[in-house]
Amino acid sequence: MKNNATVKFVQRFRNKEAVLFLIFIGVFAFMSILSPQTFLTMRNLQSMAYQLPEFGIFAIAMMVVIVTGGINLSITFTSALASIVGGLVLATMTTAGISPTLTILAGLGVFILIALACGMVNGFVVATIGITPMLATLGTSTLFEGVCLNITKGGAISGFPDAFLWFGNTAILGIPFPMILFIVVVVVAYYLMERSSFGLKAYMIGCNPTVTAYSGVSVKKVLYGVYLFSAVLCALAGILMSSRYNSAKESYGSSYLLQSVAAAVLGGTDINGGYGKVVGTVLAVMIIQVISSGLNIFGVNRFVINVIMGGILIMVLALNLINTGKKANA
Amino acid sequence: MKLKTKLKQNREFGILGILILVSIIIALNSSAFLTVENLFDMLKGNVVLGIMSLGMLLVLLTGGIDVSVGSMVAAVTVIVGQFLMHVSGNVFLALLVGCAAGTAMGLVNGVLIAKLRIPPIVVTLGTMSIIIGLTLYWTNGTWITGLPKNFIDFGRQTIGSFYQQGDEMIGFPVQILFLVFAAILTWLILKYTLVGRGIYAMGGNRVSAERVGYNLDRITIFLYAYEGFIVGLAGVVHTSIMRQVDPNAFNGFEMQVIAAVVLGGASTLGGYGSVLGTILGVALFTVINNGLILMHIPTFWQKIVVGIVLIASIGFDVVQKRYWDSHTTKVDIEEA
Amino acid sequence: MMNSVKKIVLALVVLAAATGMVFGQAKKVTIVVMPKLVGIPYFNASEVGAKKAGVDLGINVIYTGPTTADAAEQVRMLEDLISKGVDAICVAPNDPAALSPVLKKAKAAGIKVLDWDTPADKSLVDLSIHQIDDKVYGQHNWDLLVKEMGDTGDYAVITGGLSAANLNGWIDAGLAYAKVKYPKLHLVTDKVPSDEKQQVAYQKALDLIKAYPNLKGIIGVSTPSPLGAAQAVQEKGLKAKIAVVGTALPTDSRPYLEDGSLRVATLWDPGKLGYLTVVLANDLLKGKKPVDGQDVANVGKIGVWADGKTVIMGPPSDFTKDNAKNFAF
């Protein structure tokens with residue numbers, strides 16, 4: 001009896017991702033058939049492969065926090081702050097005539113360090129003080145934005161070494177580097193969240209933090225870990241964006257915030273925590289990318305694209321729930 | 001002991017204390033803060049936020065969330081604007097149209113959430129995208145200006161005249177009445193109706209609420225529709241203050257509304273929150289933003305200050321509650 | 001499972017029907033005009049102009065842009081449009097530096113690149129179409145302020161957003177100019193952001209009036225800012241004491257100009273700018289470069305700098321309560 005329930009449990013979640021996969025194949029085929037000369041070209045596929053990673057990394061950064069029953073509204077400004085301070089280091093060292101290799105190594109280090117500091121702040125307010133994640137990260141996001149503006153005074157940081165542009169603009173064997181980085185991130189996130197004891201604890205906190213604490217898990221430590229991991233992902237997205245846009249500014253990527261929440265829930269993550277798969281989020285990001293690029297190429301009005309995206313979000317979730325509902329009845 | 005218990009039981013006390021503290025700090029640094037004039041300005045400038053927070057309160061109480069309010073209120077202002085320009089300049093009819101439009105949109109949210117059993121954040125993220133997409137596709141962001149004179153006159157009415165400034169008499173802005181109305185209505189619903197009890201029950205524990213006999217679907221539909229109704233009210237009030245309609249005026253407004261309610265002590269997991277707390281949350285939000293320029297804080301430091309004050313005040317609230325909780329527990333044990 | 005497959009197929013068919021209507025244009029010259037964002041009055045007016053030029057010249061004009069002023073979104077859209085294959089891209093960058101890599105890609109794909117409204121990286125564009133010289137326009141705003149409030153006293157600046165490159169350009173130019181030319185003007189605090197919303201500008205103006213009781217003037221930069229400031233001044237009954245000037249569209253600002261709370265507004269016709277952009281892009285595709293003093297139909301005489309790249313449309317129009325009704329944008 002218990003075993004049977006477990007099987008059903010597993011099947012249900014496999015189906016969620018399978019439905020997403022079918023939808024992805026569907027929209028991809030749909031766009032390809034409608035416009036083989038423009039959509040299904042090497043150039044467009046490559047350009048999508050350049051665009052997807054920064055959004056995809058943000059979506060995973062959002063998902064890992066949602067899994068614990070929280071939300072991270074500071075992802076875009078964490079990324080911006082890391083990019084601005086990292087960018088300052090890159091630009092200053094370049095002007096000082098220090099070798100590009102050393103400059104880039106130092107710069108990348110600063111990106112990660114600053115993001116880690118942001119992650120610590122989030123961890124502190126959420127785990128140590130115990131403020132509701134939504135309000136806590138709204139506060140820290142305002143704070144990070146303020147620090148960004150204070151540094152840049154509203155301008156952009158530029159003047160990076162040319163070699164830095166390599167990260168966002170080069171393809172290895174036809175595969176863009178951002179895509180390679182994204183694949184690495186996906187694999188790491190998968191092992192960390194779904195194959196390690198740390199991940200298991202994170203999901204447990206999402207289901208029930210009190211019970212998790214009583215079963216001997218240090219909820220505080222795990223939450224710190226999750227916010228730090230989320231912050232590092234933001235730094236990686238920041239590196240890609242700074243390199244692709246050859247500059248750093250507080251407003252870059254601000255439109256990714258709500259899109260990341262949408263991608264995470266479209267990917268099947270339970271907004272109340274406890275469930276969410278990396279592969280689901282990745283599929284959701286791919287679906288959004290294909291629809292957005294496809295409709296864009298066809299010249300559909302941007303606001304109509306918004307309407308279509310909203311419709312798809314509701315439709316897919318309804319489909320998922322109808323599916324699972326039927327199984328429960330059967 | 002009595003005070004301690006009271007502090008523990010009334011979460012509003014913490015937020016009230018912080019509100020007073022922040023107000024004192026601002027008043028010490030700016031003579032313009034504690035004036036009737038500034039009070040009226042703050043009221044008028046934030047009445048829309050206040051009204052919308054009351055609708056959001058009910059939604060948060062059940063553990064739901066509505067991120068579509070920003071797009072809904074934008075759509076309402078456009079509909080009301082078109083109505084005023086092309087059908088009738090009657091204030092009462094405009095209110096009716098606005099509330100009907102808001103309620104209709106809220107109903108869609110409610111039905112989708114209750115009947116399809118999709119999590120509220122997903123439904124409202126979706127409807128947000130759809131509503132704002134349609135609104136901007138329809139209007140292309142064009143402002144509606146030159147609203148009928150009697151509507152503008154209505155928006156400028158004041159209750160009583162307190163003092164003369166320049167060539168204008170300054171009084172109690174008429175828009176406050178709508179906030180008072182919404183607050184009383186929401187309070188009555190929560191305190192005296194079956195639905196109100198059901199809302200708290202549902203936020204506390206869905207399963208037991210259902211067992212006790214509450215019809216959760218009906219409550220859900222009601223409260224999202226009510227939120228829509230409130231948004232409709234807010235849309236008309238906003239239009240009466242601004243005297244024009246800008247379809248982009250509410251970009252990102254939903255987060256402010258949610259933050260104000262949560263700041264007022266409501267839990268995003270449901271079950272706790274009150275009308276008084278929400279009003280205090282909106283007031284704290286208002287006072288912090290008002291204080292920035294009055295205290296001559298440089299532009300590039302303002303966001304940093306807001307972020308820190310936000311975290312510090314809510315953090316203080318949380319820590320203090322935890323202290324009282326542990327303290328009272330200890331006392332109880334000792335007494336036993 | 002089968003059922004859900006069916007549902008998906010059905011949904012896709014509906015979607016296909018919905019989007020199918022927009023295809024099937026014949027192969028002719030295609031020019032992309034991309035504003036900083038779509039769905040705001042200023043860029044709507046330029047859309048009308050750009051589309052009209054498309055009809056007049058018998059070419060295909062795509063006017064599209066992001067729904068928020070985010071450079072990242074703009075880059076993504078440009079990449080999609082490069083994939084689509086177009087003949088020319090005219091872009092108003094949200095941030096000049098951010099667009100450089102994607103504009104390089106466009107050039108490598110053989111697409112002509114122009115900027116309009118706000119300059120991009122100069123070395124990358126084939127033409128740079130300015131409504132006006134940024135420096136001159138910034139100074140013009142300060143001149144208008146001084147004309148209304150006199151050259152002595154406290155004033156404040158309300159801007160659209162702290163990181164809007166072109167607004168910052170005008171403000172910096174104006175401030176530098178005021179330092180030398182109007183030394184007795186005193187800016188009370190840094191530029192205050194209005195998030196491009198009249199409601200926010202209104203509240204900030206109310207706070208500024210109370211915080212700085214000697215305030216005599218407000219410059220509103222970006223179209224909703226002067227209107228919010230004017231509304232605050234009007235409600236406080238301070239029309240006579242505080243002069244509000246700034247950049248605003250004449251139709252939206254008319255009520256405030258008429259009641260005197262907004263003394264004067266200044267802007268160019270965004271429709272003309274859109275029109276000029278498309279005409280010059282089309283000329284460029286035919287191998288024709290603009291020349292100084294050239295008379296462009298429906299626009300007027302344009303100026304071209306010695307670099308042969310930078311085009312200036314002409315001086316801005318000032319809108320007052322007497323002439324605002326003569327403008328249709």
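Bear in mind these aren't lab numbers, they're just calculated from the coordinates by the rules spelled out. Small disclaimer: the values here were computed from a predicted structure and weren't measured. Positions of Cβ are generated from backbone atoms using ideal geometry, with glycine treated the same way; all protein chains shown enter the neighbour counts.
Structure summary
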| item | result |
| --- | --- |
| Residues B:W324 and B:L93, FRET efficiency given R0 of 45 Å [Cβ-Cβ distance, rounded to 0.05] | 0.30 |
| Paramagnetic reach from C:A297 in segment C:57-86 [backbone N under 19 Å; point 7 Å along Cα→Cβ] | C:57-61 |
| Burial ordering of B:K44, C:K204, C:K288, fewest other beta-carbon atoms within 10 Å first | C:K288, B:K44, C:K204 |
| Charge dipole magnitude, Cβ of K and R +1, D and E -1 - chain B, Cα centre, debye nearest 20 | 680 |
| The protein assembly as shown - charge dipole about Cα centre, Lys and Arg +1 at Cβ, Asp and Glu -1, debye rounded to 20 | 2240 |
| Residue exposure sequence - C:D307, B:D66 - by fewest surrounding Cβ within 10 Å | C:D307, B:D66 |
| Förster radius 22 Å - calculated FRET efficiency between B:L194 and B:S267 (Cβ-Cβ, nearest 0.05) | 0.50 |
| Computed FRET value (nearest 0.05) for B:M255 with B:I184, which takes r as the C-beta separation and R₀ as 30 Å | 0.65 |
| Among B:E254, B:E12, B:E37, residue whose mean-square fluctuation peaks in a GNM of chain B (springs only between Cα atoms under 10 Å) | B:E37 |
| Furthest towards positive pole of dipole, C:L227, C:L162, C:Q139, structure part segment C:134-267, Cβ charges | C:Q139 |
| Simple spin-label estimate for B:L34 and C:E148 in nanometres, 7 Å along Cα-Cβ | 3.6 |
| Note, ³J(HN,Hα) from phi for segment A:246-252, Karplus 6.51, -1.76, 1.60, rounded to Hz, x at Gly and Pro | 6, 5, 9, 7, 5, 8, 4 |
| Footprinting exposure proxy for C:K216, C:K84, A:K153 (fewest neighbouring C-beta atoms within 10 Å first) | A:K153, C:K216, C:K84 |
| Among A:V279, A:V187, A:V110, residue whose mean-square fluctuation peaks in a GNM of chain A (springs only between Cα atoms under 10 Å) | A:V187 |
| Fluctuation leader among C:P101, C:P193, C:P41 - chain C, Gaussian network, Cα springs under 10 angstrom | C:P101 |
| Of A:I131, A:M204, A:A163, farthest towards positive along the dipole that unit charges on Lys, Arg, Asp, Glu beta carbons give segment A:34-299 | A:M204 |
| Positive-end residue of B:G213, B:M202, B:V97, charge dipole of segment B:85-228 with Cβ unit charges | B:G213 |
| Size of charge dipole - segment C:134-267 - debye, nearest 20, with Cβ of Lys, Arg +1 and Asp, Glu -1, no other charges | 320 |
| B:V207 versus C:K288: modelled label distance in nm, points set 7 Å from Cα along the beta carbon direction | 7.8 |
| Point-to-point label distance, B:D217-A:W166, nm (Cα→Cβ direction, 7 Å offset) | 6.2 |
| Theoretical ellipticity at 222 nm over the protein assembly as shown - DSSP helices of four or more residues, -39500 (n - 2.57) apiece, nearest 500 | -22000 deg cm²/dmol |
| Under the Karplus curve 6.51 cos²θ - 1.76 cosθ + 1.60, θ = phi - 60°, whole-Hz ³J(HN,Hα) for segment A:69-77, x wherever Gly or Pro sits | x, x, 7, 10, 7, 9, 4, 6, 7 |
